[in-house]
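Just so it is clear, none of the values below were taken in a lab; they were calculated from the coordinates. Quick caveat, the model's predicted, so the values are computed rather than measured. Don't worry about glycine lacking a Cβ; one is built from the backbone with ideal geometry, like all the others, and counts go over all protein chains shown.
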Amino acid sequence: MNAKPNLITTSGKLAEEVNKQLEMQLNELKTKEPARLALENGRIILVDTLVAAIELSNKIAPEHLELQVKNPKQLMEKLRNYGSLFIGKYSAEVFGDYCSGTNHILPTNRTARYSGGLSVKDFIKILTYQKIDQKGANNLVKIASKLAEIEGLEAHKKSADIRLA
């Protein structure tokens, strides 16, 4: 089971209540065993401040992130690494998964640190090109030559140097 549910909270009372609810809810599920396995991968993490919670969340880079705070806008701006963000008690993950319109193909295993959900951009091929004249090449030779030398790529260095000949 790859699911890794986490709760990051500043409230010990909330952590206890969530644990009680999890046990109660599990007992009512037909899929109790797979759900239990997922929860075994998870944890409840008690932190001192919301700043610490944000820092930890950004490190974890969850696929789904639910934000349950009084003033979410302030925190949203500091959250950088998540696949999809669900704000407030009515923004349940299930809606994002099935019908609210956000993407459900999301980065897993901390890849939200550098990638977001699948988008139309993933189906666009980007082509780049360069056209450098002699004057431009003369301006770039020393830089390219030195970097190639530092990297130990002698043929690259010669390729740059020869452009001055």
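For the range 19-84, run through the trypsin sites (Lys or Arg not before Pro) and keep only the ones in DSSP coil with at most 16 other Cβ atoms within 10 Å of their Cβ.
Here the trypsin sites (Lys or Arg not before Pro) that fit, given the DSSP loop and packing criteria, are K30, K70, K78, R80.
Run through the range 28-92 and list the chymotrypsin sites (Phe, Trp or Tyr not before Pro) located in a DSSP loop whose Cβ has at most 15 other Cβ atoms within 10 Å.
Y90
Label points 7 Å out from Cα along the Cβ direction at V69 and R110: separation in nm?
With each label point 7 Å from Cα toward Cβ, the separation is 2.3 nm.
Quick check: convex hull of the Cα atoms in the chain, volume per residue, rounded to a whole Å³?
Looking at the chain, the number lands at 211 Å³ per residue.
Could you work out the local net charge near L46, counting Lys and Arg as +1, Asp and Glu as -1, over the other residues with Cβ closer than 15 Å to its Cβ?
Here the count lands on -2.
Enumerate by residue number the GluC sites (Glu not before Pro) in the range 4-109 meeting two conditions: DSSP loop (anything except H, G, I, E, B), and at most 12 other Cβ atoms within 10 Å of the site's Cβ.
Here the GluC sites (Glu not before Pro) that fit, given the DSSP loop and packing criteria, are E28, E77.
List the equivalent ellipsoid semi-axes of the range 84-165 in whole Å, largest first, each obtained as the square root of 5λ for an eigenvalue λ of the Cα gyration tensor.
49, 15, 10
If amide hydrogens are placed 1.01 Å from N in the peptide plane, which non-local residues have theirs closer than 5 Å to the one on I87?
L67
Calculated FRET efficiency, V47 and L153, Cβ-Cβ r, R0 45 Å, to nearest 0.05?
0.45
Taking amide H positions as placed in the peptide plane 1.01 Å from N, state which residues far from I45 in sequence (5 or more) or on other chains have amide H under 5 Å from it.
Counting only residues 5 or more places away or on other chains, the set is L7, I8, T9.
Modelled label-to-label distance, K121 and L79, 7 Å Cα→beta-carbon offset: nm?
So the two model labels end up 1.9 nm from each other.
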